[in-house]
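Data first, discussion second: the structure below is written as C-alpha cells.
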C-alpha cells in the first residue's frame, strides 16, 4: 500500500469531545439477561433446529390422535398387521402394500404357500419377484417376494391407517402419538421432580456447609452406591407398573446429579463478595438463597434439566423394552418398540416410526440443551 | 478533632481451623480505636489479616475471642434481631473486587435498593426510584443506569455502584476493604476522591484497608500497620511516614516507588527480617502520644530516644 499518496483531509474528520457526563454513557442497547440469552440461542442453528423438531413432535403428539377416528385401544383382529397407508402419499411407499417373503420348491409353490399361510386370495397379489433361486440359497428353495394389497385382501379398502396397525389391529398412528405423550409426560415429570428435590437438597447442603453438608453428602453417596436398576426394578415391583411407579422409580435416585451440581455452584458462589455484601446488609438466609444464590444457578439448573428430560425418556423406554414398563393397553414409545421388535423383519414399519420419534426426541433435546448451555453462559458474551 | 470513639477493638482474635490440628491465626489479638469522622488506614502485606479484621468487625465472621464495641454496644455480644438490624444499617462495607461484589442477575436498581428493602426503609415505588436516582447521582453515575446489569459497567463504575449500595442505608461507619486495589490506576483517584467527598458530606467514618501505602497516606488520618495477624505500629499518618519506628514499617515505606528516576536509581529496599529482634515478648506500647509500636522493653527505650 502506498500510504504517502493518501492525503489527510480535515473535512472528513470531526473532533469529538468527551464531556463529563458522556464518559459515563453506555452505548450498548439495554437487554435483560433472558432476552440476551434468547438472542444468542437464536444464532445457534443447531439449537433452533432442535427446538423446531421438538416443538413439531410435541405439537403432533397432542394433535395427532385427534386427526383420525381411531382410538389407541380399539382392537380389531381382522385389521391386524395392516401396513401404513396415507392418502396422496402412495409414491412414498405409504400405499398399504405389504411385501411377504415366502419360500417354496418352485416359484408357484412359494406363492401358493404364502397365500395359504397369510390367508390371502390370489387376486390381491400385485407383484412377485424371485429374490433367491435354489442355486443361491442355502436350503435349496426358491425365495419369492410377494407384494400384496393387504387392505383390499382384508376388506379395508376405504380405511387409511397412516402408520399401519399392530398385531391386534389397533391404529399405530394414534398409539404412537399417545405413547409419545406418555413418554414426554414421564420425561418432564421426572425432570421436574429431580429439579425440585435436587435444587433444594444441593442448595441447603452447599449453603449451610460443615456438618450438615457432610451428613447430606454421605446420604447421597450411599444412595448412588446402590445400582440404579436394582432400585428401579424393586420400586416397580412394589408399586405395580404404571406411569406414577415409573416416575417415582426414575426420580428416586435421579435427583442426585442435580443436587451435586447445585451444591458445587452454591459452594462456589456463597463466598463471593456480593453474598457477603448481602449479609452485611442484614439479609436473611432465605433471602440470600432465593434472591442471590438460586438466580445465579438458574442457568445451570435449566441446562441440567434439559439433559435430564431425554435421559428420563430414554430410561423409561429402556425399562419398557426389558418388560418393566407400562402395561397394555397403555403404550409409551418404549413399549411400542418392544412389541414391534418381535416381528420387525416382516413388519418393519411397526418399529420404524416409534424408533424415529424417540431418536428425534433424544437428539432434539440434547442439541437444544447444548445450545442453551452456550446461550446462558454469560462468559460467552462477545 | 472530635475525639469521640465510634469503634473500639480489644484484643480481637480470629483463628480458622484448617485441619484437625492446624489453626491459622489470621488475626491474633489486635486492639485499636477509631474516632468518629476519621479515616483509619490499615495496611500490610497480602495475607496478613487485614480483610479478616474488617470482616470480623462487621460480623461476617464470628470472632474467636476479643471485643468489638461499636457506638458503645458490644457487636459480637448482641443477639437480638432488632439490634443486629440496627447494626447492619450503621456499619457498611465496600468490597475489594468490583466484579464479584455485585450480583450479576440483579439490576443496579435492585442492588442499590437491597438494603432499603431488607430494612423496609422506603415503601412507595416512586420514592424508591427517587432514592436510587439520588444515590446514583451522588456517586457520579447517570440515573439511566438504574435498569442496567452490572456486567455492562467498567470496574470503576461498578465500584461506585457498590459505594451507592453501602450508602443506601445511611451508615455512620464504612469498612472499605481494599476498594481500589482491583481498579485501574487512573480510576483509583476517582474512587478515593469520591470517598473523601462523601465523608465530608455525610460525616462518615472509614476503616480503609489497603496495601498501597501512598494511597493510604493520602486518605487516612491514622494508620495501623499489620504484620502476620498483629498490629506492629499505629500512628498519625504524618508521624508514621516521617518517623517510622518498627522495622517492618521501615521496610514497607522503603518499597514505595516515586516517579523520579534519580531517586529510584539510588533507592535501597530495606528487607524486614522478623528474627532480627525479639517478637515473643513484644507488647503494644505507646512510645509517643498517639504513636504505638509492638516492641520489647529494650526496644521501647531505644525508640523513645529516637
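Scan the stretch B:264-285 residue by residue and report those that are within 17 Å of residue B:225 (Cβ to Cβ) and surrounded by 13 or more Cβ atoms within 10 Å (Cβ to Cβ). Steps first, answer last, please.
Residues of the stretch B:264-285 within 17 Å of residue B:225 (Cβ to Cβ): B:269-274, B:276-277, B:279, B:282-285.
Selection gives B:270, B:272, B:277, B:279, B:282, B:284, B:285.
Entry remark, the stretch A:262-288: residues being in contact with a strand residue (DSSP E or B) (Cβ under 6 Å, 6 or more places away or on another chain) and more than 9 Å from chain B (Cβ to nearest Cβ) number 0 in total. Go through (1) in a helix (DSSP H, G or I); (2) in contact with a helix residue (DSSP H, G or I) (Cβ under 6 Å, 6 or more places away or on another chain) one by one and return the number of the condition residue B:122 breaks. Of the numbered conditions (1) in a helix (DSSP H, G or I); (2) in contact with a helix residue (DSSP H, G or I) (Cβ under 6 Å, 6 or more places away or on another chain), the odd one out for residue B:122 is (1).
Of the residues making up the stretch A:228-242, not a single one is part of a helix (DSSP H, G or I), at pLDDT 90 or above, crowded, with 18+ Cβ neighbours inside 10 Å and assigned by TED's automatic domain parsing to the domain that holds residue A:308. Does residue B:110 satisfy the criteria of being more than 21 Å from residue B:199 (Cα to Cα), touching a residue at least 12 places away in the same chain (Cβ under 8 Å), within 11 Å of chain A (Cβ to nearest Cβ) and outside any loop (DSSP other than H, G, I, E, B)? When the stated conditions are applied, residue B:110 does not pass them.
The condition of being modelled with pLDDT under 75 and within 14 Å of chain B (Cβ to nearest Cβ) holds for only one of A:25, A:35, that being A:25.
Looking at A:281, A:326, A:293, just one residue is without any contact (Cβ under 8 Å) to a residue 12 or more places away in the chain and buried (at least 21 other Cβ atoms within 10 Å of the Cβ), and that residue is A:281.
Checking A:350, A:362, A:306, A:380 one by one, the residue that is modelled with pLDDT under 85 and more than 14 Å from chain B (Cβ to nearest Cβ) is A:350 and no other. Looking across the stretch B:151-190 at every residue that is facing chain A (nearest Cβ under 9 Å), closer than 28 Å to residue A:29 by Cβ and in a helix (DSSP H, G or I), the one that is farthest from the chain's Cα centre (by Cα) is identified as B:152. Restricting B:101, B:46 to those that are closer than 23 Å to residue B:159 by Cβ, within 9 Å of chain A (Cβ to nearest Cβ) and assigned to a loop (DSSP other than H, G, I, E, B) reduces the list to B:101.
Evaluation of residue B:55 against the conditions (1) surrounded by 16 or more Cβ atoms within 10 Å (Cβ to Cβ); (2) part of a helix (DSSP H, G or I); (3) within 9 Å of chain A (Cβ to nearest Cβ); (4) without any contact (Cβ under 8 Å) to a residue 60 or more places away in the chain shows that the sole unmet condition is (4).
Scanning the stretch B:289-300 for residues that are surrounded by 15 or more Cβ atoms within 10 Å (Cβ to Cβ) and either without any contact (Cβ under 8 Å) to a residue 24 or more places away in the chain or over 23 Å from the mean Cα position of the chain (by Cα) (or both) returns B:295, B:296, B:299, B:300. Kindly establish whether residue B:34 is more than 12 Å from every other protein chain (Cβ to nearest Cβ) and either in contact with a helix residue (DSSP H, G or I) (Cβ under 9 Å, 6 or more places away or on another chain) or not in a strand (DSSP E or B) (or both). Considered against the rule, which asks whether it is more than 12 Å from every other protein chain (Cβ to nearest Cβ) and either in contact with a helix residue (DSSP H, G or I) (Cβ under 9 Å, 6 or more places away or on another chain) or not in a strand (DSSP E or B) (or both), residue B:34 comes out as no.
Every condition in (1) touching a residue at least 40 places away in the same chain (Cβ under 8 Å); (2) more than 9 Å from chain A (Cβ to nearest Cβ); (3) not in a strand (DSSP E or B) is met by residue B:77 except one, and the failing one is (1).
Which members of the stretch B:58-74 meet the condition of being in contact (Cβ under 8 Å) with a residue 40 or more places away in the chain and either part of a loop (DSSP other than H, G, I, E, B) or within 11 Å of chain A (Cβ to nearest Cβ) (or both)?
Of the residues in the stretch B:58-74, the ones in contact (Cβ under 8 Å) with a residue 40 or more places away in the chain are B:58, B:61, B:63-71.
Once the filter is applied, which keeps residues that are in contact (Cβ under 8 Å) with a residue 40 or more places away in the chain and either part of a loop (DSSP other than H, G, I, E, B) or within 11 Å of chain A (Cβ to nearest Cβ) (or both), the stretch B:58-74 yields B:58, B:61, B:63, B:64, B:71.
For the stretch B:1-16, enumerate the residues that are touching a strand residue (DSSP E or B) at 6+ places or on another chain (Cβ under 6 Å) and at pLDDT below 85. The one that is touching a strand residue (DSSP E or B) at 6+ places or on another chain (Cβ under 6 Å) and at pLDDT below 85: B:3. When the stretch B:135-145 is limited to residues that are crowded, with 21+ Cβ neighbours inside 10 Å and in a helix (DSSP H, G or I), the one that is nearest to the other protein chains (Cβ to nearest Cβ) turns out to be B:145. Considering only the stretch B:115-134, I want to know if a residue exists there that is within 24 Å of the chain's Cα centre (by Cα), more than 8 Å from chain A (Cβ to nearest Cβ) and under 28 Å from residue B:186 (Cβ atoms). No, there is no match, as no residue in the stretch B:115-134 is within 24 Å of the chain's Cα centre (by Cα), more than 8 Å from chain A (Cβ to nearest Cβ) and under 28 Å from residue B:186 (Cβ atoms).
The values are calculated or read from the model by the stated rules, or taken from the named source; none is laboratory data. What you see is a predicted model, and the numbers here were worked out from it, not measured in a lab. Don't worry about glycine lacking a Cβ; one is built from the backbone with ideal geometry, like all the others, and counts go over all protein chains shown.
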